[in-house]
Structures are given as structure tokens and as C-alpha cells.
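Structure record follows, encoded as C-alpha cells.
The values are calculated or read from the model by the stated rules, or taken from the named source; none is laboratory data. This one's a predicted model, so the numbers in the text were calculated from it and none came from an experiment. No Cβ is skipped: glycine too gets one built from the backbone with ideal geometry, and neighbour counts run over all protein chains shown.
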Amino acid sequence: MSASQPVEMDSLFGDYPLDQAFDEMREGGGELRPHYRALAETLAGLPPEELQRRKQSADLSFLTQGITFTVYGRDEGTERIFPYDLLPRLVTAAEWDRIERGLTQRITALNEFLRDIYSDAKILNDRVIPRELVYSCKHYRRQMRGLTVPRNVYIAVVGSDLLRLNTGEFVVLEDNLRVPSGVSYMLTNRRVMKRTFPQLFSSYGVRPIEHNPQLLLATLRSLAPEGRPEPNIVVLTPGVFNSAYFEHTYLARQMGIDLVEGRDLVTHDNIVYMRTTDGLKRVDVIYRRVDDDFSDPLIFRGDSSLGCAGLFNAYRAGNVTVTNAFGTGLADDKAVYAYVPRIIRYYLNEDPILNNVETYLLTEDKERMHVLANLDKLVVKAVGESGGYGMLIGPHSTARQREEFARQIEANPRNYIAQPTLDFSRAPCLIGNRLEPRHVDLRPYVLFGDKVNIVPGGLTRVALEKGSLVVNSSQGGGSKDTWVLES
Amino acid sequence: MLARVGDSLYWMSRYLERAENTVRQLDVTMGLMLDTSDTSAETRWRRMMTALGKVSGMEWNGDMDAMASRLVFDSLNPASVTFCVNGARENARQVREEISSEQWQRLNRLYHQMHSPHAQAQFRTSINDFLASIIDGIHLFKGVSDTTMIHGQGWQFIRLGRYLERAYATATLLEVYQPELFEEQEVDNSGYHYLELVGLLRCCTSFEAYCQVYTADLSPARILEFLLLNRDFPHAIRYCVDGIRHAIESIQRTGGRRPPDELTAVIGRLHAMLGYTNIGEILGGDTAAFLHNIREQSMRVHELIYRYYVHYSIQSALAV
């Protein structure tokens, strides 16, 4: 630590390890990065009791807002607040600019890819991607072939996960093109942070994100079927038992539209209606937070009661817009992911602005041999899973787990990919009264209607366990507010 | 508004009204037990259980504090305050997008207060303070509802639930008290009878309002007149029926569907029963039957609201 820093900083930092991983706050030599200086000085100037008081007040705010999740397995569901860290993660204007351009490019290309695959499949005829890789994807929906979707937009709402490597470069770890969640935590984190550190927030010049729901509404409206100038737009939720239910209600309320469940909907003559206190009312646009599989028991899983029978036919008839479209999971399949740089070049004739993480395809013999020989150093992921499930983290695994994965890979190589274990960046978190570094990622939220819109920021997810690399909320992760700075 | 949402708002409101009623009756009953009258604790408890709608699973065991604690905290018994608060919150949670953040936070605070690990200890330390704080929480919720929510269909469903529950509960209470109020002929100057009457009024938060209208001169006939027929006091049944009528009218006005004749008829009949009569007529006839009839008609209103606004058939809705 450099000598110019005040004494309080020493007690604040205590033992704050730096190693080869990129630290968001401090440079390799220990000195503060310039944009983190004001934050560190503010924290150092606060008595520990005051910091704890603010933490408690923020906790209470999350609790009374009902931003909780339920811990099952006891007599009565116990509610806990969604874990979060009190300190903001800072992103400079230049860093953000690159992320924004990179994601715009990437999402544009992925949307074009979906349109192509579900129509002429030129990219397959040109042999840029193996035909079998696409058609063997479990999220490929044959029912979507030959269907024109409004404005050719398949993926209106996207959340892509970015990591920062030890070079400081942001890379894309995965795209979430089905029903990405977390945007409500981004918005509520901001609200709480503004109350917790008002002066600091105002002195930093943070770009606003609060208009996200309004942009989402405009995006949904722009996708309404032809001839419906005053579209009735709804959010479709699986219901109160879904872990993201808070978010569904939050978004519906912020947009001022109805939150419907499958049981509120009926179809008649290929038109979707919702049951209201005034009788049936036609529905024009559905922002769907229910997976493909559960959306329509006539077309997809017949045992699902979460969807609406007849929805898909109404959709095919063009009488209702459902977004994201069905079958978009094809483009966030982890094996297809490996081809995204090629997809970008193929459709846009540009080099990718944001790179992928190096990925081994296990269907290729040579790559599979290499992976099987190095399972203890790599991360293996099932291609169709998300949320940190179906994953092997080599360095943290047991010999038995590795054997199990090796067997599964041999049995079904298409179902897995492998990536190097990434030493991604760490940001300071408030642990007790001290700052300690924890691994973070960044999930910005991309909206695609008339054009691509990304509010400056996103959800920074934190692996709150010391040394952990897993940021998923289902597995001990938390979140942080993300401040994208004006300059 | 979605039919399911109307349903949830209606029940959220009914559950809270029910919780408030239970808390108030418990508070009054415990207060009355402090005085050594002839009425035994067990009799009082049983009377309260009947007034709360023939509660089962709460048989008197001789320990008032333990019984009170069960009535407040036994979340498995549908009569308990906790059960009602849980029900209200669960309904609110399912229509989170329809109610204001202020409403949700207020209700959520009440819920967490009931479920706090310290709740039972606080209850034991001072039952009165605890009960008062629950009522405060419910009152705050109602105030916040009135000031932060659009007074549209959703708000009307909340009013509908509140007034229907209240009319029903008050009619039940009067039905239970009615025999002893009017069958006691000899003049009782011991003061215990007076306390009973005050207790009945306080069960409906109406002691002070009664005094403003009739002075502190308590008589069973006047009390009945006040709680049944007063048009300006929010806990009087007539006021509640007017509230139900306005809520339905307003729902129909904003919805643009023709009111079903049956619903209009039942509400009209209730309104006429209370609006075009006087206490002499009621006492001259079969008072118990009169009170019972009010309950029956309220139930009928509930059923028709369901049939018309919530569980209607798709075929009939398509035909419109």
C-alpha cells in the first residue's frame, strides 16, 4: 500500500490479498485505481458502526420490499433476503463503451442466426457450423421452421454474462436468450444504494438505469402484431412458487401491465384472451417468463399446467406476439457458443468486439482427448443447462466426480463442453468491517425491439464465499450494484 | 382487471378485516375477565368462539394466557390472527403488481412482526401492547391503501371484501349477544351489566361513537339500533351494506357490463331491510331471525360476486 493513503485505510483493508487475478479496485502494485479512490476514502472515513448501521438499514429495506427468497426444508418456508454486497462495482465510461458495442454486435448476430436457422439455414449450407450440432440441440424447436416473427426479432430480452480476465479484458462467458432473470435485482440494488450512499452516488456521476422497465415496455409494444395500435401487453409468469416471482411482479408493476398466469388465459379461434372481471379481453403481446417446454401443453410438454393450451397456434397465426420467441435456447447452447465468433463474422462481416472464453468441443476427437487428460484443470459444463447446474470445476473436484464426468462425456460428448478454469476479476466486498476481494461477473440486460438498447450497468454477481468461483444465486452467490460512470 | 386479481384483493381484504375483528374481540374479552362478575372465563371464551364463527379446535383449557396465545399464533387454526395475516399476505403476494409498494411493505411488516422470533415473548410481556400494535398495523395498511392506490376496480374489490366481512362478523356478534342482552329483565345496578354492554360496543370500536349519538346512557335497544341501522358509522351494518352497494356499482360502472339482476336484487333487498325499518319493528318481530337473515343475504352476495366476476364460464363470456 502506498504511503500517501491515510491510516484508516490500513484497518479497512486489513489483509487484502492481491495475486494474478484482476482486482477491480487496486492495481498490481497495491495502489488504488483512480476511479475507486473516492469510494475507498469515503469508506475509510466512516466509523465501523456507521457502516454496519447502513448495512442494517439496507437489509431492512430489502426485507420490507419482499425482495426475499424462500429457504425450503423446514416446517414453514423461512424467508431470507437476497444476498447482496453494500459496495458498488465501478465501470468506467470507456469500459462500458466497449461492452455496449460488443453486446450490440453479438446480439444482432445471434438474432440473425436464429432467423436463418428457422428459415433457409444458409449458415449450415455454407458449412460454417456443423448441421448436426444445431439439429441435435435440445432447445431447437422444429415447430418454429418457416415462421416469420414480428420485426424478425427472436430475442427481445437478453442477459449475457461477462467476465474480466487478468488482462483486464471483458469476455463473454455465456448468453441467456431464453428467460434471463435478475433485472429486478439490478433495479432494486440501485434504489437501496442511492439511499445508503447518497453523497457518494451523487459525487460519482453514475449513469441512470431506472428507465429499464419503460424501455422494456417500448420494446414489447414495438413487437405487437400488425393492426393492433393499442396492444394489450402482459407478463406471463409460472406463478407464485417460481423463484423469480418477485421479479415478474416487479416488472409488471413497473411497466403498469397485467401479470398473468396460464390459468388466466384462454384461446378461442386462435386468439388469446385473459379472464378479467369484465369478461374476456384480448391479449396482443406476451412477455413470457415460462420456459418453452411449459408454455403450451398441446405443442410442448403435455403435462404442464403452467402454460396456455392453444397459445402456439395463436402465435403461428400471428394473432399474438410471444417473446422471447420459442426455440431461442438453440443460440445459447454452450456448444453453439463456441461458434459465436464465426457467427458474428458470417452475418456481419466484422470481427467480434467482445471475445469468447476459449472452449473445447468434445465432439472433436482431439479436443476431447485433451480435455479428458486435463479434467483436473478445466471446467466442464452441460450444454443445455444454466444456473451453475451440471458443472464440474476441475481444480475443486474430487477424483470420483472427475471419473463420473469422464464417463458421461464418453457416453454423450455432444452434451458437454470444457473451458479453462478462469481466474476472473475480483472486486472489494464488505465482509464484517473489512474489505475483502471476491470474484465477480457482470450481466448487462439487452433489449431488442426497434433497435438494441442496453441500460448502462447490469447485475454484478458476487461469489460471496471466500475463494469461490460460483456466482449463481442458487449456489451461494450474491449481487452488487453496478455504477457505470459518466466519464 | 384480471378475475384472479380481483379474487385475491377481495380475500386479502377479508382476511385483514377478520384478523382485526379477532384481535379486538380478544382484547375486549380479556379486559372483561379482569372484573369479577358472575360470568365465568369459560363462558366468555365460548361466547367469543361462537361470535368468531363457531371456531373449532380452541376448546377452553383453563389458562387464559395460553388460550389467547393460541388464538393469536396458532398458524394451523383458520381462526387465528396469524392464519389471517398469512392469508392476506399470500393473496397480496399473488397480486404484487396490482397493489402499491407502500401497501405491500406495510403488510409485509405486519407479517414479519407476527413471525418475528421475539413475537411470542413480546406477547407474554404485554398482551395489550401487542394486540394494539397489530391493530395499528392493519389500520396503517388501510390508510395506505386509501392514499396510494388508484380508486379503481381493484380498490373497490378491497372495499367489497372489507365491508362484506365486517357486515357478516357484526351480524354474527349481535346474534350471539342478542339473547342475553334482551332476556335479562330485572334491573342490574351492579355495574357488571354496564361493562358487558361497553364490551359489546368496543368489539365494534363503537363505544365513543355511540356516546356521541346517545350519550353514555347504554341500553340494549339503542346499541342494537346503532350497530344495525346507523348510516354514518363505518362499523354499523347499514353503513357496510351501503359500502358494498357503492363498490358493486362502481365496479359495474368502470367495467361496462350490465349488472346481473340477481346481484342487484340481493343487495337491494339487504339495503331495504336496513334502510326502511326502525328498531321498534325489528325488536317487535323475530330479532334473531332478522340477524340471521342478514348473514344469509351477505353469503348470497359473496356467491354472486364469485359467479359473476371470478368463476364465470368461458362460453357465457364469449357470447357477450
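B:ASP65 passes all but one of (1) surrounded by fewer than 15 Cβ atoms within 10 Å (Cβ to Cβ); (2) among the charged types (D, E, K, R); (3) farther than 30 Å from B:SER40 by Cβ; which number fails?
Here B:ASP65 clears every test but (3).
Just wondering, is there one or more residues in the stretch B:231-240 that are more than 22 Å from B:ASP7 (Cβ to Cβ), more than 14 Å from chain A (Cβ to nearest Cβ) and among the small types (Gly, Ala, Ser)?
Yes, the stretch B:231-240 has at least one match.
With respect to B:ILE138, is the statement that it is within 30 Å of B:VAL310 (Cα to Cα) and outside any helix (DSSP H, G or I) true?
Here the answer is no, as B:ILE138 does not meet what is asked.
Working only within the stretch A:415-449, note down all residues that are hydroxyl-bearing (Ser, Thr, Tyr) and closer than 22 Å to A:GLU50 by Cβ.
none
Any chance you could count how many residues in the stretch A:210-230 are touching a residue at least 60 places away in the same chain (Cβ under 8 Å) and surrounded by fewer than 22 Cβ atoms within 10 Å (Cβ to Cβ)?
The qualifying residues number 8.
For the subset of the stretch A:276-303 comprising residues that are of a type in the set (Asp, Glu) and out of contact with any Gly (no Cβ under 8 Å at 6 or more places or on another chain), which member is nearest to the other protein chains (Cβ to nearest Cβ)?
A:ASP284
For the stretch A:209-237, enumerate the residues that are part of a loop (DSSP other than H, G, I, E, B) and under 19 Å from the mean Cα position of the chain (by Cα). So that I can check it myself, show each step before the final result.
First, pick out the residues of the stretch A:209-237 that are part of a loop (DSSP other than H, G, I, E, B): A:209-211, A:223-232, A:237.
Those that are part of a loop (DSSP other than H, G, I, E, B) and under 19 Å from the mean Cα position of the chain (by Cα): A:ILE209, A:GLU210, A:HIS211, A:THR237.
Given (1) in contact (Cβ under 8 Å) with a residue 12 or more places away in the chain; (2) within 14 Å of chain A (Cβ to nearest Cβ), identify the lone condition not met by B:TYR214.
(2)
Quick check on B:VAL144: is it at pLDDT 95 or above, closer than 28 Å to B:HIS302 by Cα and more than 17 Å from the chain's Cα centre (by Cα)? Can you show your working first?
Values: at pLDDT 95 or above: yes; closer than 28 Å to B:HIS302 by Cα: yes; more than 17 Å from the chain's Cα centre (by Cα): yes.
So B:VAL144 passes the test.
Name the residue, out of A:ASN415, A:ASN453, A:ASN472, A:ASN433, that is within 18 Å of A:ARG164 (Cα to Cα) and surrounded by fewer than 22 Cβ atoms within 10 Å (Cβ to Cβ).
A:ASN472
From the list B:ARG258, B:ARG231, B:ARG253, exactly one residue is of a type in the set (Lys, Arg), part of a helix (DSSP H, G or I), out of contact with any strand residue (DSSP E or B) (no Cβ under 9 Å at 6 or more places or on another chain) and in the same structural domain as B:ARG166 (by TED's automatic domain parsing). Which is it?
After ruling out the rest, the residue left standing is B:ARG253.
So which residues in the stretch B:234-250 are part of a helix (DSSP H, G or I) and in contact with a Lys or Arg (Cβ under 9 Å, 6 or more places away or on another chain), if there are any at all?
Those that are part of a helix (DSSP H, G or I) and in contact with a Lys or Arg (Cβ under 9 Å, 6 or more places away or on another chain): B:ILE237, B:ARG238, B:TYR239, B:CYS240, B:ASP242, B:GLY243, B:ILE244, B:HIS246, B:ALA247, B:SER250.
For the stretch A:117-142, name all the residues that are surrounded by fewer than 17 Cβ atoms within 10 Å (Cβ to Cβ) and assigned to a helix (DSSP H, G or I).
Hits for the stretch A:117-142 are A:LYS122, A:ASN125, A:ARG131, A:GLU132, A:TYR135, A:ARG142.
Do the conditions hold for B:ILE150, that is, is it β-branched (Val, Ile, Thr) and either within 24 Å of B:VAL310 (Cα to Cα) or in contact with a Pro (Cβ under 9 Å, 6 or more places away or on another chain) (or both)?
yes
Do any residues in the stretch A:1-19 that are closer than 14 Å to A:THR42 by Cα have Cβ atoms under 7 Å from those of residues that are modelled with pLDDT of 75 or more and surrounded by fewer than 15 Cβ atoms within 10 Å (Cβ to Cβ), where the two are at least six apart or on different chains, and which pairs are they?
From the stretch A:1-19, the pairs are A:GLU8/A:GLY45.
Scan the stretch A:330-380 for residues that are closer than 17 Å to A:ILE107 by Cα, within 24 Å of the chain's Cα centre (by Cα) and polar (S, T, N, Q) and report the count.
Number satisfying all stated conditions: 2.
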